[in-house]
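Notes for the one structure printed next.
Values quoted throughout were computed directly from the atomic coordinates according to the rules given, and no laboratory measurement underlies them. Everything numeric in this text was worked out from a predicted model, so none of it was measured. Neighbour counts are summed over all protein chains in view; Cβ atoms, including those assigned to glycine, are modelled from backbone coordinates with ideal geometry.
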Amino acid sequence: MFWWVLLGYPDAFELGKDEFFPRPGQVVKYYREQKMNEKGKAWTQQDLAKVLGISIQSVGETENRDVGMSYERRQFLSKLFDIPPILLGIVSTEEINLLVAQHHQTNKVAVISTPSYTGRKLVIDPQEYNDQLATYWQTHYSATAANTIAEMFIKLDTLYRELPHARDGQDKIQTLLCKYHHLISRIFFDQHMHEEAIVHLDKALFFAEALMNEELIALTFKRRGWIRPYIDDIDNAVDDFEKARKYKKLPYNLACSILMEAGNVAAHEKSADTEKYDKAIALIDKGGNMIRSAPDEPDSHFLKVQLNDYYYHKAATLIKAGRNRDALEEIKLINNHYTPRGQITTGILQAQAYFNRGKYPHAASVAQHALEIAQEIKSEVNIARIRKIFYQLRESPYKDSSDVARLDYLLST
């Protein structure tokens, strides 16, 4: 089924040469024939030729061979025949993938296997799904996986359909469902869709608890607790991390990540004072010490925990505590050849610390660099973080500078 049919548009078009959008000529012909003229009759090729100032033969080539479909002409024809822009390729593929993902989410009903399952062998290869999951995570860390989210939902659908019929390997299906919900949540979070991200973590928690898998339960609480502050739900975020910390027999990378993120989130509490900040930093330091002494182990949850993460969390908490000079010293320890997301985080932390110290040109410069990377990988959550720094600069004595105007321009585009 083509994505446009899934979204409720006519099943009347072939796939175009770009192998994503429907054939534009067929779309134009379909909607031309739906439009009535002043006599109540359908528009003809002759009518369209007259409007465009071209021959009837040229209209035929447009409709039959997709000739002459410039972007400007698509926009005009969309308005003339009331054609949904999405069918003429005027909307980006990223927006369409998110629409498809939202459609799946809206229409998804979680199915959990019961004693009455039909009972047959698996018809999917769990290892193949695991391998694909690893590829998706790698794509997410290096750029953005938002353009593959529709593909992920198809895999999720397949897993849900398979679950009630599994005789052997039911636990494998539930584990995959949990992990795919984790990944989709992460992508929604990156696209600044926090409520949707939490919905998927709630579903992941359902499967993790059904499996009684302590690692997956702790991981889910950790990831949900990290997102909650973005919707001003600090109390529940702290509660999620307290639940995650109850599990002791965890891989080093997961245990380290829980401690550092718990400390970072605790610093966001409205009642935070010097004592609470010190306790938060102590948690982060404990996580950092664990990273330094951690043995080599598989990264089965795609956490990619490194010493840089320790510096990030500590710097962020120091900034919250008003210790901006100390935060900048911590940031100097970060490996600058880290991932694009790491470079963005470094820039955002530096910009905030510089701003707080009144070093506005430095703040604007590093914020601009971080923004350019964030826009390149389409990380909406980080673009939103940089926008907050821009708002601060716009209210500062540096507001009329060309640097702040440049940030304004980049954010507007």
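Model label points for Thr44 and Lys332, set 7 angstrom from Cα along the Cα-to-Cβ axis, are 8.0 nm apart. Over the chain, the Kirkwood radius and the radius of gyration, each from Cα atoms, give a ratio Rg/Rh of 1.06. Stretching the chain fully between Leu52 and Lys79 yields a gain of 8.4 nm (0.36 nm per residue, less the alpha carbon separation). Couplings for the stretch 256-268, taken from phi via the Karplus curve 6.51 cos²θ - 1.76 cosθ + 1.60 with θ = phi - 60°, read 4, 4, 4, 4, 5, 5, 4, x, 4, 5, 4, 6, 8 Hz in order; Gly and Pro are left as x.
The fewest-to-most ranking of Asp190, Asp296, Asp82 by surrounding Cβ atoms within 10 Å reads Asp296, Asp82, Asp190. Highest GNM mean-square fluctuation among Ala255, Ala49, Ala237, for the chain modelled with Cα contacts below 10 Å: Ala49.
Here the label points at Glu395 and Ser92, each 7 Å from Cα along the C-beta direction, are separated by 2.9 nm in the simple model.
For the pair Thr139 and Tyr71, the difference between a 0.36 nm per residue extended length and the Cα-Cα distance amounts to 21.5 nm. Ranked for footprinting exposure by Cβ neighbours inside 10 Å, fewest first, Thr144, Thr274 give Thr274, Thr144. Legend: calculated FRET efficiency, Glu151 to Glu215, from the Cβ-Cβ distance at R0 = 30 Å, rounded to 0.05, equals 0.70. With a Förster radius of 56 Å applied to the beta-carbon distance between Ala405 and His165, the computed FRET efficiency rounds to 0.40. Equivalent ellipsoid of the stretch 141-190: semi-axes from √(5λ) of the C-alpha gyration tensor, largest first, are 24, 11, 7 Å. For the charge dipole of the stretch 3-91, defined by +1 on Lys and Arg C-beta atoms and -1 on Asp and Glu C-beta atoms about the Cα centroid, which residue among Ser58, Gln46, Phe20 has the Cα displaced farthest towards the positive pole? The residue sitting most towards the positive pole is Gln46.
Residues Arg186, Arg224, arranged from fewest to most other Cβ atoms within 10 angstrom of their Cβ, appear as Arg186, Arg224.
Taking every alpha-carbon pair in the stretch 285-413 and binning the separations at 10 Å intervals from zero gives 13, 41, 31, 12, 3, 0 percent.
Here Asn130 and Lys388 are evaluated by their C-beta separation; at R0 = 45 Å the FRET efficiency comes out at 0.75. Helical content of the chain, expressed as a calculated mean residue ellipticity at 222 nm, amounts to -20500 deg cm²/dmol (DSSP H runs of 4 or more residues, -39,500 (n - 2.57) each, divided by residue number, nearest 500).
With only the Cα atoms considered, the stretch 168-305 has a convex hull volume of 104 Å³ per residue. The slack in the chain from Lys35 to Glu14, taken as 0.36 nm per residue of separation less the alpha-carbon distance, amounts to 5.5 nm. Restricting the GluC sites (Glu not before Pro) of the stretch 1-87 to loop positions (DSSP other than H, G, I, E, B) with no more than 11 neighbouring Cβ atoms within 10 Å leaves Glu14, Glu19, Glu38.
For the stretch 3-91, taking the reciprocal of the average inverse distance between every pair of different Cα atoms yields a Kirkwood hydrodynamic radius of 13.2 Å.
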